[in-house]
1. Look through F229, F256 and report the one residue that is farther than 15 Å from L319 by Cα, of a type in the set (F, W, Y), within 13 Å of the ligand (Cβ to nearest atom) and in contact with a Ser or Thr (Cβ under 9 Å, 6 or more places away or on another chain).
2. When the residues of segment 180-209 are narrowed to those that are part of a strand (DSSP E or B) and of a type in the set (G, A, S), which ends up farthest from the chain's Cα centre (by Cα)?
3. Among the residues of segment 246-254, is there at least one that is surrounded by fewer than 17 Cβ atoms within 10 Å (Cβ to Cβ), more than 25 Å from K306 (Cα to Cα) and under 33 Å from the mean Cα position of the chain (by Cα)?
4. Which members of segment 254-266 meet the condition of being in contact with a helix residue (DSSP H, G or I) (Cβ under 9 Å, 6 or more places away or on another chain) and within 26 Å of Y302 (Cβ to Cβ)?
5. Can you tell me which residue is farthest from the chain's Cα centre (by Cα) among those in segment 210-219 that are surrounded by 22 or more Cβ atoms within 10 Å (Cβ to Cβ) and within 7 Å of the ligand (Cβ to nearest atom)?
6. Against the definition (surrounded by fewer than 18 Cβ atoms within 10 Å (Cβ to Cβ), among the aliphatic types (A, V, I, L, M), assigned by TED's automatic domain parsing to the domain that holds I329 and under 28 Å from A299 (Cα atoms)), how does V226 come out, yes or no?
7. Scan V219, V269, V249 and give me the residue that is more than 25 Å from K187 (Cα to Cα) and assigned to a strand (DSSP E or B).
8. Among the residues of segment 256-270, is there at least one that is under 31 Å from the mean Cα position of the chain (by Cα) and in contact (Cβ under 8 Å) with a residue 60 or more places away in the chain?
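The values are calculated or read from the model by the stated rules, or taken from the named source; none is laboratory data. All values derive from a computational prediction rather than experimental measurement. All Cβ positions, glycine included, derive from the backbone under ideal geometry; neighbour counts span all protein chains shown. Only protein heavy atoms, including side chains, enter the accessible area calculation; ligands, DNA and RNA are left aside. Shrake-Rupley method; radii C 1.70, N 1.55, O 1.52, S 1.80 Å.
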Amino acid sequence: MENKIKEIKRSAFEEIANAKTSEELFELKIKYLGRKSEFNSILKGLKDLSGEERKTIGQLANSVKGEISGLIEETERLLVVKSFDPEKEKIDVTIPGRKMKKGHLHPLSIVRNEIEDIFTAMGFEIADGPEVETEYYNFDALNMPKDHPARDKWDTFWVKGEEGQKERTLLRTHTSPVQVRFMEKNKPPFRIISPGKCFRNEATDARHEHTFYQFEALVVGDDINVGHFKFLAQQFFSSFFKKEIDVRVRPSFFPFVEPGFEFDITCTVCGQKGCPVCKGTGWLEVGGAGMVNQEVFVASGYPRGKYQGFAWGFGLERLLIIRHKIDDIRNFHSGDLRFIKQF
Ligand code: FA5
């Protein structure tokens, strides 16, 4: 066995020394060290040898294996150096470098970061919640029990639960469930924002997507009122659009606020002169808001009547549509680089 190994070593060294190309070397590597090589069968056969013999032959085989593979590597290096032809490999240092293709953030990520910066500068915390939400947080805790007709407004995709799962789960239809999740763990006063993805089971068109982003704000304390909401909204939209923006509220209904309203901002295109974008009204509809319903405070574990606060929610895509005069909301998730690269 010992002689056999030495013979393999001698023959391997001879053939490696005569190799002229990397391809030849590669073939030799397979021949001498590969799975089907004679060497490998010797290593496999070690287990049948007696204790002492196994030790000596094992050590010898492993050391020869290391030597052969070291020689192959060394020869490979030499071949590369030898094949270097300075005439062929001339480098023209004056050729302009190849530009790296750089990507950038998606427009929705850019605007989300921008909005987060504006709010955190005003002392807001950022809260997060799951996109796959329970029926309880998406509806019941927001004052929409099972048979509440308002649920129809937010038809969604239900998630097939696991066997024995107690609560039904769904893709959240809005970011409002984060309100309750946050309040369960925190006591007023606080101000938070919660940006995130929402889903709705509805037909898509130029202004509606099945998947879109919302931005929730929630401010709660002892004496927070609608005036605070209006002031904050004006500050935020003026910073966002980099011009003076006024806000108006119109009565509306959301079960989780009382009173509830839709809020509009002054048209950013015509400055209230009236144009096709605002349909001549001078106002653009942005989102929903209202004073947090006491039922929601109770569901979050607060005593009824102790706190007051406002909440709002608006769509990020709709804001970008206004800012950049985009004609179809479906562009955002189309994956069309011609659209994305414009930002
Ligand atoms: C809500 O979702 C409420 N949770 C908002 C709210 C929060 C009210 C806190 C009161 C207090 P609404 O369904 O109107 O409300 O949606 C809010 C905004 O999300 C809309 O104004 C719009 O900007 C955006 N939005 C809604 N549906 C879609 C859709 N299918 N595609 C794109 N954006 C949408």
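1. Matching residue, one of F229, F256: F256.
2. Once the filter is applied, the top-ranked residue is S194.
3. Checking segment 246-254: not a single residue is surrounded by fewer than 17 Cβ atoms within 10 Å (Cβ to Cβ), more than 25 Å from K306 (Cα to Cα) and under 33 Å from the mean Cα position of the chain (by Cα).
4. F254, P255, F256, V257, E258, P259, F261, F263
5. Ranking the qualifying residues of segment 210-219, first place goes to E216.
6. yes
7. When all the criteria are applied, what remains is V249.
8. Yes, segment 256-270 contains at least one residue that is under 31 Å from the mean Cα position of the chain (by Cα) and in contact (Cβ under 8 Å) with a residue 60 or more places away in the chain.
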